[in-house]
Amino acid sequence: MKQRLTTGDEHNLTDNNTIRSQCPIPKLKDDEDGRLVCDAGMEEWEKSVMRGTGIPDKNVAIKIVTDAARTIHPDLEKFTDSVNTCLTLMHGINPQDEQEGMLAAQIISSHNMAMQCFIRASSQGQPAEGIDLFTKLATKLMRSYTAALEALTRYRGKGQQKISVEHVHVHKGGQAIVGDVHHQGGGDHGKKQ
């Protein structure tokens, strides 16, 4: 599925030349008293969190998003932005149930942590030992990312194997079948009685 960004917070998803619009994802912000608010209303934001995680329980869905958001930026001053970013990414992955929601959070978290390791490895003045350490950690996290993404694909049923035979040699007197071959059990087929 390809994603093409348009103006603002709206985006279109293109799948086999079919375009469908999605509603903008409600964003949190801090009010002057330091409380979290949403222009669309907190109830709409909570619904968006449940849709974005595939989790019907509001409290569990919020926990999944906020846990993953902490890997984007652990600084509490940036926490609201991190939650908004995480929720947008969750909507992009489009989990359909609790398992997919947890895998989506793992995908986001392992990606963010790997990027933080790369940033630390490349920071100015980083000694060779630090570069080596953070690069190795980033590599392990990228493997975790790949494993979670593959698990999500398998869970969704897209990881089915396909076998194709490219070259077949049929010699004189031989027979070949082109197409699907299904065998029925019993072992008596073709025997004359």
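When the trypsin sites (Lys or Arg not before Pro) in region 34-115 are filtered for DSSP coil states and for at most 15 other beta-carbon atoms within 10 Å of their beta-carbon, the remaining sites are 35. Across all Cα atoms of region 43-184, the radius of gyration (one decimal) and Dmax (whole number) stand at 22.5, 78 Å. Both the radius of gyration and Dmax for region 79-156 are 14.5, 45 Å, in that order, over alpha-carbon atoms. Residue 57 to residue 151: FRET efficiency via 1/(1 + (r/R0)^6), r the Cβ-Cβ distance, R0 30 Å, to the nearest 0.05? FRET efficiency, residue 57 to residue 151: 0.85.
Listed cross-link partners 58/136; 27/78; 47/158; 29/136; 29/58 are compared with a 25 Å cut-off, the Cα-Cα value being larger for 58/136; 47/158; 29/136. Calculated translational diffusion coefficient of region 37-96 (4 °C, 1.567 mPa s; Stokes-Einstein with Kirkwood radius over alpha-carbon pairs) equals 114 µm²/s.
Read the figures in this text as sums done on the coordinates, not as results from a lab. Everything quoted here is computed from the prediction, not taken from an experiment. Cβ coordinates were reconstructed from backbone atoms using ideal geometry, including for glycine residues, and neighbour counts include every protein chain displayed.
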